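Rule-based calculations on the coordinates, nothing more; no lab input. On a predicted model such as this, the values are computed, not experimentally measured, just so you know.
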Amino acid sequence: MLSDFLLAHPESSESFNHMMGRFTGGGFLMVLLWIVVIIGAIWLIKEVVADNNGGSRSNNISHTDRQRETPEEIARKRVARGEISREEFEEILMGLRDH
């Protein structure tokens, strides 16, 4: 059997032990992989559910509120937040009126 073979060939015993030592860590890596897969699946499900409920948790504006805002309102809010200058706002309004 295997033990008789290993006793008769000690050099094979070393390689056998080395091989088994390499694979004992494989169980740990497999458990770690499954933990990562499960956590990823839970995160993905939460994001899909949050998206179906009106947006992600980090963005509390619902889809319907975003659709009701006119481009002019969005531009006004951007001016108020300091994202664009008053001149840029005027250019946006002129561009909207041209269309």
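Key figures
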{"item": "Extension gain from ALA41 to GLU83, taking 0.36 nm per residue of separation minus the Cα-Cα distance", "result": "11.5 nm"}
{"item": "Using θ = phi - 60° and Karplus 6.51 cos²θ - 1.76 cosθ + 1.60, couplings along the range 31-41 (whole Hz; Gly, Pro as x)", "result": "5, 4, 4, 5, 5, 5, 5, 5, 5, x, 5"}
